[in-house]
Amino acid sequence: MNRETIPSLDFKIWCKQTAIIIGFILQYVVIIVVALTIMPNKFGWQALVVTAGCIVCLGLLNYGLIWRVFRLLGQLQPAGERLQRIVDAAAATMGNFKVRATWEINVVMANALALPFTGEMIFLRRTLEICTDEEIAAICAHELAHLTEPKRVLAGRMFGTMALVPFIFVKPCEATFGLIGLMIPLVFIVLMIRFNKWLSQRMEKRADNLAAKQQLNEGVYARALEKLYRANQSPAVNASDRQTHPHLYDRMLAAGITPDFPRPARPKRWTVAGWTLLIGWAMTMAVSIAWPW
């Protein structure tokens, strides 16, 4: 499927990119599964210790632990002269804001990431290959907007990253409240995920607005966004309005450019492959809960 999406992808690069993506995803899942496994069946001081340990570990991940691992493995490299020059110039236009560090990672996807808790930025090298200096500067302005988010927003982001923590209370909730107790963690998870998406969308719109204001020529930021989405074969309209990022089509309109293509229909929210993965995940979690550890 990846090869069909990105024809230039070879097996070696695919292995590297897949390892990075899986590592990034598993960093949260492993902590949640371990905490779920060792969580006692009753609420008490032991449950409190497990919860505290889980939250501390997730907090460390928010402060870039997995990226430090990638750096030790040689996958994360300091920004090259071209990127560093663009970042410094973009930061200077925003009140001489100081970016703590800028990194490059060599994968075939195109994107850029801001790490608000550490004040760092990461650019996927494909972005540097397909974008002009002016477009990269516009993307920098977007990411810098995330690095300048107020502390209350950072607190909200930290809260949002804990969305799966209620899942570790499945066993004590079931033992205390019966089968209906299984719904308690689920309700909290759904509410926290929705809050996280709501906050993320607000901050993405804020960052888009700032990037559009900082661009030297009209339409530069919109063109940069379109290049990233095209390179990644991402749809211009999301499957739903409750995603972490707004629709590309709307982002381009907000940036002052009308796309040269009609607004596409929404893609399907679920496919056979998606349902298969969901059912497999649910069965794995059910076994981990019911298994007599």
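The values are calculated or read from the model by the stated rules, or taken from the named source; none is laboratory data. In this text, all values refer to a predicted model and were calculated from it rather than measured experimentally. When we count neighbours, we look across all protein chains shown, and the Cβ atoms used for this are built from the backbone with ideal geometry, even at glycine.
Go over the candidates Phe70, Phe24 one by one and state the one that is modelled with pLDDT under 85, of a type in the set (Phe, Trp, Tyr), closer than 23 Å to Arg125 by Cα and touching a Leu at 6+ places or on another chain (Cβ under 9 Å).
None of the others qualify; the one that does is Phe70.
Would you be able to tell me the number of residues in the stretch 86-129 that are surrounded by 14 or more Cβ atoms within 10 Å (Cβ to Cβ) and assigned to a helix (DSSP H, G or I)?
Counting residues in the stretch 86-129 that are surrounded by 14 or more Cβ atoms within 10 Å (Cβ to Cβ) and assigned to a helix (DSSP H, G or I) gives 9.
Taking the stated definitions as given, is Gln77 of a type in the set (S, T, N, Q) and either free of Cβ contacts under 8 Å to residues at least 24 places away in the same chain or over 26 Å from Thr132 (Cα atoms) (or both)? Quick ask: steps written out before the conclusion?
On the way: of a type in the set (S, T, N, Q): yes; either free of Cβ contacts under 8 Å to residues at least 24 places away in the same chain or over 26 Å from Thr132 (Cα atoms) (or both): no.
It is false that Gln77 is of a type in the set (S, T, N, Q) and either free of Cβ contacts under 8 Å to residues at least 24 places away in the same chain or over 26 Å from Thr132 (Cα atoms) (or both).
Of Glu218, Glu226, which residue is acidic (Asp, Glu) and part of a helix (DSSP H, G or I)?
Glu226
Could you tell me whether any residue of the stretch 46-58 is outside any helix (DSSP H, G or I), loosely packed, with under 14 Cβ neighbours inside 10 Å and either among the aromatic types (Phe, Trp, Tyr) or more than 21 Å from the chain's Cα centre (by Cα) (or both)?
no
State whether the residues of the stretch 165-176 include one that is surrounded by 18 or more Cβ atoms within 10 Å (Cβ to Cβ), among the basic types (Lys, Arg), closer than 19 Å to Ile32 by Cα and in contact (Cβ under 8 Å) with a residue 12 or more places away in the chain.
Within the stretch 165-176, one or more residues are surrounded by 18 or more Cβ atoms within 10 Å (Cβ to Cβ), among the basic types (Lys, Arg), closer than 19 Å to Ile32 by Cα and in contact (Cβ under 8 Å) with a residue 12 or more places away in the chain.
Being touching a residue at least 40 places away in the same chain (Cβ under 8 Å), among the aliphatic types (A, V, I, L, M) and under 15 Å from Cys140 (Cα atoms) is the filter; apply it to the stretch 217-251 and report the residue that is surrounded by the fewest Cβ atoms within 10 Å (Cβ to Cβ). Step through it out loud before you land on a result.
We begin by selecting, within the stretch 217-251, every residue touching a residue at least 40 places away in the same chain (Cβ under 8 Å); these are 217, 220-221, 223-224, 227-228, 231-233, 242-246, 251.
Right, trim to among the aliphatic types (A, V, I, L, M) and you get 220, 224, 228, 231.
Okay, now just the ones that are also under 15 Å from Cys140 (Cα atoms), so 220, 224, 228.
Details: Val220: 25, Ala224: 26, Leu228: 22.
Checking each candidate, the answer is Leu228.
Specify which of the listed residues (Ala112, Ala137) is modelled with pLDDT of 90 or more and within 18 Å of Leu216 (Cβ to Cβ). Even if it seems obvious, please write down each step before you answer.
Details: Ala112 fails: within 18 Å of Leu216 (Cβ to Cβ).
Ala137 is the lone residue from the list that is modelled with pLDDT of 90 or more and within 18 Å of Leu216 (Cβ to Cβ).
So which residues in the stretch 75-130 are over 22 Å from Leu65 (Cα atoms) and acidic (Asp, Glu)?
Glu81, Asp88, Glu129
Contact list please: Cβ distance under 6 Å, first residue in the stretch 11-36 and aliphatic (A, V, I, L, M), second residue at pLDDT 85 or above and outside any helix (DSSP H, G or I), pairs at least six apart or on different chains.
Ile32/Leu164
Would you tally the residues in the stretch 130-171 being out of contact with any strand residue (DSSP E or B) (no Cβ under 6 Å at 6 or more places or on another chain) and part of a helix (DSSP H, G or I)?
Of the residues in that region, 29 qualify.
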